[in-house]
């Protein structure tokens, strides 16, 4: 909306000596300035129409046979620094700033008789017009740009027209409602957001918008951008490749989904393991049930035999029927590592559930002697996100138990099915608990493959790119991650090229031990 014009009745007379210096567009050719101060002040000018955003056209009454005028205008009532322009037919002034108050006067120029052309009598300045240019919406944004720093993101944008200042809006979800933060009165075109909730170790995004404002607080808002801080720096000397795989047990069924037979899925698992060649494999749902269609062929006993042929050993033999041992396992390459210690500890369960537990193993490199812990966990999907017995308390318990076990503060890799993703509400508290405790999500690596796809696939051909990971590999006392992969046989259109071995994808991380 364009603002209205008002008139100030009092005259502000001026003289050639009291008036500010003329601009380049002022009359520089005048040879003699004669001020006719005895004349009554001219009436204030008016605007021919509502002022524009950066210009306006003036009108004033005729003054005898005068055909030449001077106009002065500026943003101060005393006209200090005002611009002076000579006008003949035109009454237009431009180059103004939108949503800005201007003070405007004019005066008549009449030739001095007997003097060369360009020598004028100048009337006193007219009464003053006080008016405001139109308040235009700020100009359009081009796409925002971001650059990640350590636990920080710098966002930059184009300088938008008709803008006096900016606001940066930051949040931890796409709706911009989770932990929203507002940074106001930014006059430049870049801003660094520090102390991110989702810092460099988290792998999680931050969502950013920028608002441009003019003096009347008309606002234009940019498109939202998804941004990440810089990946943690990688340090270490010995490469370790870790995979986590929820196998989907041999007898497991999924509601409304056709699951291939275990014998088919088993061979797909083994091909994936061979292709990705992890040094350590963290297994979930490694139940030693009868293979469907057989009388006494145990799934994990059989799988253990195949792993042995591929060069892997399990931390523990598969459980015996009826013993209800914890069913998470850790496989490791026997050519590279020696098993020094192993153990399990119970994890929280929902009422009526079978017992759950995490498996841990202390491994030693045969080449360098470096030692590290590996942990495999599976959080109950039936637990609430928060509370005394919850998914969050499960991850906090893993941190507590491993802190007590790992008194030497050796490197730790911990992976499994956390049954909690970016989309849970109020937020992914189990993940946040791990980051707060000093763990690094390996998906924070600068080198990521199929990172945005969920780690569950539901055996559907078409996959959707989202933030829906529920399978994770975390590290502690390890600096950064060399690479991360959500292992999918997928084409550029997001369609699976082959049937997966499980409803969970393998997740794979390469790190370096110090």
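The values are calculated or read from the model by the stated rules, or taken from the named source; none is laboratory data. All of these numbers come straight from a predicted model, not from anything done at the bench. Every residue, glycine as well, gets a Cβ built from its backbone with ideal geometry; the counts of neighbours run over all protein chains shown.
Name the residue, out of 350, 388, 361, that is buried (at least 16 other Cβ atoms within 10 Å of the Cβ) and out of contact with any helix residue (DSSP H, G or I) (no Cβ under 9 Å at 6 or more places or on another chain).
Values: 350 fails: buried (at least 16 other Cβ atoms within 10 Å of the Cβ); 388 fails: buried (at least 16 other Cβ atoms within 10 Å of the Cβ).
On inspection, the qualifying residue turns out to be 361.
With the stretch 307-411 as the region, which strands (runs of 3 or more DSSP E) entirely inside it contain at least 2 residues that are touching a residue at least 40 places away in the same chain (Cβ under 8 Å)?
Working: elements: 312-314, 329-333, 337-347, 356-365, 371-378.
Those strands (runs of 3 or more DSSP E) span 329-333, 337-347, 356-365, 371-378.
For residue 435, indicate whether it is at pLDDT 95 or above, in the same structural domain as residue 362 (by TED's automatic domain parsing) and not in a loop (DSSP other than H, G, I, E, B). First the steps, then the outcome.
Values: at pLDDT 95 or above: yes; in the same structural domain as residue 362 (by TED's automatic domain parsing): yes; not in a loop (DSSP other than H, G, I, E, B): yes.
So residue 435 fits the description; yes.
Give the stretch 177-193 a look and list any residue that's surrounded by 13 or more Cβ atoms within 10 Å (Cβ to Cβ) and part of a loop (DSSP other than H, G, I, E, B), or say none. Break it down into steps so the answer makes sense when it comes.
Taking the stretch 177-193 and keeping what is surrounded by 13 or more Cβ atoms within 10 Å (Cβ to Cβ), we get 178-181, 183, 186, 189-193.
Correct list: 178, 179, 180, 189.
Yes/no matrix, rows are residues, columns are (1) closer than 30 Å to residue 164 by Cα; (2) surrounded by 18 or more Cβ atoms within 10 Å (Cβ to Cβ):
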| residue | (1), (2) |
| --- | --- |
| 85 | yes, yes |
| 102 | yes, yes |
| 107 | no, yes |
| 110 | no, no |
| 116 | no, no |
| 123 | no, yes |
| 126 | no, yes |
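Test residue 158 against the criterion of being closer than 30 Å to residue 209 by Cα and at pLDDT 95 or above, and give yes or no. Even if it seems obvious, please write down each step before you answer.
Numbers: closer than 30 Å to residue 209 by Cα: yes; at pLDDT 95 or above: yes.
For residue 158, the condition - closer than 30 Å to residue 209 by Cα and at pLDDT 95 or above - is met.
Per-residue answers, yes or no, for (1) without any contact (Cβ under 8 Å) to a residue 60 or more places away in the chain; (2) more than 30 Å from residue 152 (Cα to Cα); (3) surrounded by 21 or more Cβ atoms within 10 Å (Cβ to Cβ); (4) under 31 Å from the mean Cα position of the chain (by Cα):
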{"residue": "235", "(1), (2), (3), (4)": "no, no, no, yes"}
{"residue": "241", "(1), (2), (3), (4)": "no, no, no, yes"}
{"residue": "244", "(1), (2), (3), (4)": "no, no, yes, yes"}
{"residue": "263", "(1), (2), (3), (4)": "yes, yes, no, no"}
{"residue": "288", "(1), (2), (3), (4)": "yes, yes, yes, no"}
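Here is a yes/no grid of residues against (1) in a loop (DSSP other than H, G, I, E, B); (2) touching a strand residue (DSSP E or B) at 6+ places or on another chain (Cβ under 6 Å); (3) without any contact (Cβ under 8 Å) to a residue 60 or more places away in the chain:
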position: 459; (1), (2), (3): yes, yes, no
position: 469; (1), (2), (3): yes, no, yes
position: 473; (1), (2), (3): no, yes, no
position: 481; (1), (2), (3): yes, yes, no
position: 500; (1), (2), (3): yes, no, no
position: 510; (1), (2), (3): no, yes, no
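For the stretch 247-261, enumerate the residues that are surrounded by 14 or more Cβ atoms within 10 Å (Cβ to Cβ) and out of contact with any helix residue (DSSP H, G or I) (no Cβ under 6 Å at 6 or more places or on another chain). I'd like the intermediate steps shown before the answer.
Of all residues in the stretch 247-261, those surrounded by 14 or more Cβ atoms within 10 Å (Cβ to Cβ) come to 247-250, 252, 259-260.
Scanning the stretch 247-261 gives 247, 248, 249, 252, 259, 260.
Yes or no: residue 453 touching a residue at least 40 places away in the same chain (Cβ under 8 Å), crowded, with 16+ Cβ neighbours inside 10 Å, within 26 Å of residue 261 (Cβ to Cβ) and assigned by TED's automatic domain parsing to the domain that holds residue 375? It would help to see each step written out before you state the result.
On the way: touching a residue at least 40 places away in the same chain (Cβ under 8 Å): yes; crowded, with 16+ Cβ neighbours inside 10 Å: yes; within 26 Å of residue 261 (Cβ to Cβ): yes; assigned by TED's automatic domain parsing to the domain that holds residue 375: yes.
Against the criterion (touching a residue at least 40 places away in the same chain (Cβ under 8 Å), crowded, with 16+ Cβ neighbours inside 10 Å, within 26 Å of residue 261 (Cβ to Cβ) and assigned by TED's automatic domain parsing to the domain that holds residue 375), residue 453 qualifies.
Conditions first: (1) on the phi < 0 side of the Ramachandran plot; (2) surrounded by fewer than 16 Cβ atoms within 10 Å (Cβ to Cβ). Residue 170 passes all but one, so which condition is the exception?
(2)
For the stretch 420-439, indicate whether the set of residues that are buried (at least 24 other Cβ atoms within 10 Å of the Cβ), in contact with a strand residue (DSSP E or B) (Cβ under 7 Å, 6 or more places away or on another chain) and over 20 Å from residue 348 (Cβ atoms) is non-empty.
No, the stretch 420-439 has no match at all.
Any residue at all in the stretch 163-180 that is under 30 Å from residue 73 (Cα atoms) and more than 22 Å from the chain's Cα centre (by Cα)?
Residues of the stretch 163-180 under 30 Å from residue 73 (Cα atoms): 163-166.
Applying the additional criterion that residues be more than 22 Å from the chain's Cα centre (by Cα) yields 163-164.
Taking every residue of the stretch 163-180 in turn, at least one turns out to be under 30 Å from residue 73 (Cα atoms) and more than 22 Å from the chain's Cα centre (by Cα).
Evaluate the stretch 269-279: report whether one residue or more is more than 29 Å from residue 444 (Cβ to Cβ), at pLDDT 95 or above, buried (at least 16 other Cβ atoms within 10 Å of the Cβ) and in contact with a strand residue (DSSP E or B) (Cβ under 7 Å, 6 or more places away or on another chain). It would help to see each step written out before you state the result.
Of all residues in the stretch 269-279, those more than 29 Å from residue 444 (Cβ to Cβ) come to 270.
Those still in the list that are at pLDDT 95 or above too: 270.
Right, trim to buried (at least 16 other Cβ atoms within 10 Å of the Cβ) and you get 270.
Remaining after also requiring in contact with a strand residue (DSSP E or B) (Cβ under 7 Å, 6 or more places away or on another chain): none.
Among the residues of the stretch 269-279, not one is more than 29 Å from residue 444 (Cβ to Cβ), at pLDDT 95 or above, buried (at least 16 other Cβ atoms within 10 Å of the Cβ) and in contact with a strand residue (DSSP E or B) (Cβ under 7 Å, 6 or more places away or on another chain), which makes the answer no.
Each row is one residue, and each column tells you yes or no for (1) in contact with a strand residue (DSSP E or B) (Cβ under 9 Å, 6 or more places away or on another chain); (2) in a loop (DSSP other than H, G, I, E, B).
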| position | (1), (2) |
| --- | --- |
| 196 | yes, yes |
| 233 | yes, yes |
| 239 | yes, no |
| 242 | yes, no |
| 248 | yes, yes |
| 266 | no, no |
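How many of the residues in the stretch 425-441 are more than 18 Å from the chain's Cα centre (by Cα) and at negative phi? Write out each step before concluding.
First pass over the stretch 425-441, keeping only residues more than 18 Å from the chain's Cα centre (by Cα): 425-426, 429-430, 433-434, 436-440.
Add one more test, that the residue is at negative phi, and what stays is 425-426, 429-430, 433-434, 436-437, 439-440.
Count: 10.
Scan the strands (runs of 3 or more DSSP E) fully inside the stretch 36-109 and keep the ones with 2 or more residues being free of Cβ contacts under 8 Å to residues at least 60 places away in the same chain, over 47 Å from the mean Cα position of the chain (by Cα) and not assigned by TED's automatic domain parsing to the domain that holds residue 217.
On the way: elements: 55-59, 68-74, 83-87, 92-94.
Of the strands (runs of 3 or more DSSP E) lying wholly inside the stretch 36-109, those with at least 2 residues that are free of Cβ contacts under 8 Å to residues at least 60 places away in the same chain, over 47 Å from the mean Cα position of the chain (by Cα) and not assigned by TED's automatic domain parsing to the domain that holds residue 217 span 68-74.
Are any residues in the stretch 292-306 crowded, with 19+ Cβ neighbours inside 10 Å and either part of a strand (DSSP E or B) or at pLDDT below 95 (or both), and if so, which ones?
Keep residues of the stretch 292-306 that are crowded, with 19+ Cβ neighbours inside 10 Å, which gives 298-300, 303-304.
298, 299, 300 - these are the residues of the stretch 292-306 that are crowded, with 19+ Cβ neighbours inside 10 Å and either part of a strand (DSSP E or B) or at pLDDT below 95 (or both).
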